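Worksheet: the structure to be examined is printed underneath.
The values are calculated or read from the model by the stated rules, or taken from the named source; none is laboratory data. Since this is a predicted model, take the numbers as computed values, not measurements. Glycine gets a Cβ as well: all are built from the backbone with ideal geometry, and neighbour counts include every protein chain shown. The area values use the complete protein model at the heavy-atom level, side chains included, leaving out ligands, DNA and RNA. Shrake-Rupley method; radii C 1.70, N 1.55, O 1.52, S 1.80 Å.
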Amino acid sequence: MQPTFRLTWLQRNLKGDPILWAIVILFSLISIAVVYSATGTLAYRNELHGRSGSVEGIALKHSSLILGGLVLAWAAHRIDYRHYSRLSLYALLISVPLLLFTYFMGGDINGASRWLVIPVINQTFQPSDLAKLALITHLASMLSRRQQHLHDFWNTLFPVMLWVGVICGLIILSNASTALLLFITCLLLMFIGRVPMKQMLLMVAIGVTLGGAGLAAGQRLGTVVSRVSNFTDKTKKPQFQLEHSFIAIATGGVTGKGPGKSTERNIMPHPYSDFIYAIIIEEYGMLGGLVVLFLYLAFLYRGLKTVMNSQGAFGGLLSAGLSFSLVLQAMVNMGVAVGLGPVTGLPLPLLSMGGTSLIFTGLSIGIILAVSRGDREIRPMKGEPADTARIPSKRAGY
């Protein structure tokens, strides 16, 4: 293809923020390179236990999932983002029984029932990924439709609090860190959506009470207490994986050991998921770690720029919620790797090896890109309520 033809094709098929597209593609390339380097021990364990999965095979599967996520992002960004407002309620209604079924009947890994195995393809699936995306989308939809009635507690804020409480409460039974991050994301979304501070404080009080009860009734209370205790008590030796994360970071230095030359990947339990940031610093140095940090901050900036350019409240809230969700998780993961927080078990979005989480990440990015296309390309939808106009508040940055 001629260069002008390629450029025309890209302009016709890749809508939305081109810088955001570039950031996502760069993340994908980095992920493939680092996961390929970090999965040597996993492939060796597979061989010892008679399971299939060479380094090349694992890298190929991971690359296929990344490609699938990119294809889904492309497909999602071609759709009028306002359709997601209608779909979000159905996704929530599906998420609730899925979360319950997973808690009682799902696969138990490390004392937590978070996964379902999809038959035929034998691929693990976390219903919490679907629930997070559905809740953020539906919360953005509810807030945008009620911009003129935010002081009406029972008709406006009670449904918001009910959905946040139900979804976060079900997730915290088996995954405390995911539930906490989702709750914080919802609070940020409510703040941007001009919810009165008094109502937000009530939301926090209810969240702390119900969250504590859910944590006590669930599977992770002992793990949470142990991890927080290990982090706060400086007289204790760091946990095994955290200790070797520190070693990886310390030996990486400024420029790193070089691609594929990590030694701690052979020692840490999950170097390709929870602690992949430590492997990045070990192989590419602090410079590589800063580049990754900069890419996440750039992703957040472009997502919030989309918020400011959005012509409707729903688009702005949706882009903000999904951007915060991805970047907050990344910041927590990187903070854990360098010792700024207790171990959480959260993967690094866009970089860690994963299953269907990569697919849902791709869908989230596609929705942000759909919003970034701008409402000028989109015709008014029949029956769209008048109160989906832009949020008239300095707090939201408009």
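Suppose R0 equals 35 Å. What FRET efficiency, 1/(1 + (r/R0)^6) with r the Cβ-Cβ distance, do Val71 and Leu162 give to the nearest 0.05?
Details: r = 35 Å, r/R0 = 1.00.
About 0.50, to the nearest 0.05.
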In degrees rounded to 10, the 0-90 angle between helix 240-252 Cα long axis and the longest Cα principal axis of the chain is 80
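For the chain, what is the accessible area per residue in Å², given a 1.4 Å probe and the full set of protein chains?
Heavy-atom accessible area per residue stands at 47 Å².
To the nearest 20 debye, what is the magnitude of the charge dipole of the chain about its Cα centre, counting +1 on the Cβ of each Lys and Arg and -1 on the Cβ of each Asp and Glu?
Charge dipole of the chain: 800 debye, to the nearest 20.
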May I ask for the net charge around Leu139, where only other residues with Cβ less than 14 Å from the Cβ of Leu139 are counted and Lys, Arg are +1 while Asp, Glu are -1?
-> +4
Once both label points are put 7 Å beyond Cα along the C-beta direction, the Phe191-Ile94 separation in nm becomes 3.2
Length-normalised contact order for the stretch 136-192 - Cα pairs under 8 Å, 6+ apart - percent | 32
With everything on Cα atoms, drop me the angle between helix 313-337 and the longest principal axis of the chain, reported from 0 to 90° to the nearest 10.
-> 20
Give, in nm to one decimal, the length gained when the segment between Ser229 and Lys261 is fully stretched (0.36 nm per residue of separation minus the Cα-Cα distance).
-> 8.2 nm
Using the per-residue mean of other Cβ atoms lying within 10 Å as a proxy for protection, in what order, highest first, do the peptides 321-330, 81-90, 246-255 fall?
-> 321-330, 81-90, 246-255
So how many Å³ per residue does the convex hull of the Cα atoms of the chain work out to?
-> 164
In the stretch 82-236, how does Rg compare with the Kirkwood Rh, expressed as the Rg/Rh ratio over alpha carbon atoms?
-> 1.01
Can you work out the PRE-style zone for Ile118? Point 7 Å along Cα to Cβ, and I want the residues of the stretch 52-87 with backbone N under 15 Å.
-> 61-73
What is the gain in length, in nm to one decimal, between Phe246 and Val338 on full extension, counting 0.36 nm per residue of separation less the C-alpha to C-alpha distance?
-> 32.5 nm
Gain upon complete extension [Leu14, Leu29; 0.36 nm per residue less C-alpha separation] = 3.6 nm
With label points built 7 Å along Cα→Cβ from the Cα atoms of Trp154 and Leu297, find their separation and express it in nm.
-> 4.8
Quick one: helix 3-13 against the long Cα principal axis of the chain, what's the angle to the nearest 10°, folded into 0 to 90?
-> 60
From highest to lowest solvent-accessible area (probe 1.4 Å; ligands, DNA and RNA excluded), Asp233, Asp80 read Asp233, Asp80
If you average the sequence gap of Cα pairs under 8 Å that are 6 or more apart and divide by the length of the chain, what percent do you get for the contact order?
-> 26
Within the stretch 273-298, find all residues whose amide N lies under 13 Å from a label point positioned 7 Å from the Cα of Gln239 along Cα-to-beta-carbon.
-> 274-275
